[in-house]
């Protein structure tokens, strides 16, 4: 019986006793409110960055102003990169030109830049820490 209580205690502590998540707050600027649509914000792991639809966690929010805030709660501790774009035609996909350059406003964590393709994960990576708030400004271009 003592072994059972000990095992159940360990299980309870591992599940409920330690918070291994943080909060990510995005302050998104330069939204083209006159174009409408929605803001699509995604938190990506290295292996899927920055493929639309392959985000680890995603949120869509209606465009109503030139600035907005998006909050991700209970994000597991780790390294991530963040992409935000204004989906003006609300088709859940980033519109690009014939060479793949975005035609809809887009921004990355760490203000990572598009050069001859999307920025690298390392240029955009941020660290989510346990019980902490990570506050980022993402400026759409």
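The values are calculated or read from the model by the stated rules, or taken from the named source; none is laboratory data. What you see is a predicted model; the values in this text were computed from it and never measured. Ideal geometry is used to build each Cβ from the backbone, glycine not excepted, and the neighbour counts take in all protein chains shown.
Look through the stretch 95-141, keep the residues that are surrounded by fewer than 15 Cβ atoms within 10 Å (Cβ to Cβ) and on the phi > 0 side of the Ramachandran plot, and return whichever of them is modelled with the lowest pLDDT.
Ranking the qualifying residues of the stretch 95-141, first place goes to 100.
I'm trying to understand the selection: among the residues of the stretch 89-100, which are in a loop (DSSP other than H, G, I, E, B) and either without any contact (Cβ under 8 Å) to a residue 24 or more places away in the chain or in contact with a helix residue (DSSP H, G or I) (Cβ under 8 Å, 6 or more places away or on another chain) (or both)?
Residues satisfying the conditions are 91, 95, 97, 98, 99, 100.
Answer yes or no as to whether residue 29 is under 22 Å from residue 96 (Cα atoms) and at pLDDT 95 or above.
yes
Restricting to the stretch 32-42, name every residue that is farther than 19 Å from residue 79 by Cα and surrounded by 22 or more Cβ atoms within 10 Å (Cβ to Cβ).
Within the stretch 32-42, 39, 40 meet the criteria.
Might you check whether a residue that is loosely packed, with under 13 Cβ neighbours inside 10 Å and either more than 26 Å from residue 115 (Cβ to Cβ) or modelled with pLDDT of 90 or more (or both) occurs anywhere in the stretch 74-81?
Yes - at least one qualifying residue is present in the stretch 74-81.
Let's see how each residue does on (1) under 16 Å from residue 139 (Cβ atoms); (2) modelled with pLDDT of 95 or more; (3) surrounded by fewer than 13 Cβ atoms within 10 Å (Cβ to Cβ); (4) more than 15 Å from the chain's Cα centre (by Cα):
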| site | (1), (2), (3), (4) |
| --- | --- |
| 18 | no, no, yes, yes |
| 44 | no, yes, no, no |
| 53 | no, no, yes, no |
| 58 | no, yes, no, no |
| 64 | no, yes, yes, yes |
| 69 | yes, yes, yes, no |
| 72 | no, yes, no, no |
| 86 | yes, yes, no, no |
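Need a quick list: strands (runs of 3 or more DSSP E) entirely within the stretch 27-88 having at least 1 residues that are in contact (Cβ under 8 Å) with a residue 24 or more places away in the chain and more than 28 Å from residue 131 (Cα to Cα).
In the stretch 27-88, the matching strands (runs of 3 or more DSSP E) lie at 38-44, 57-62, 78-87.
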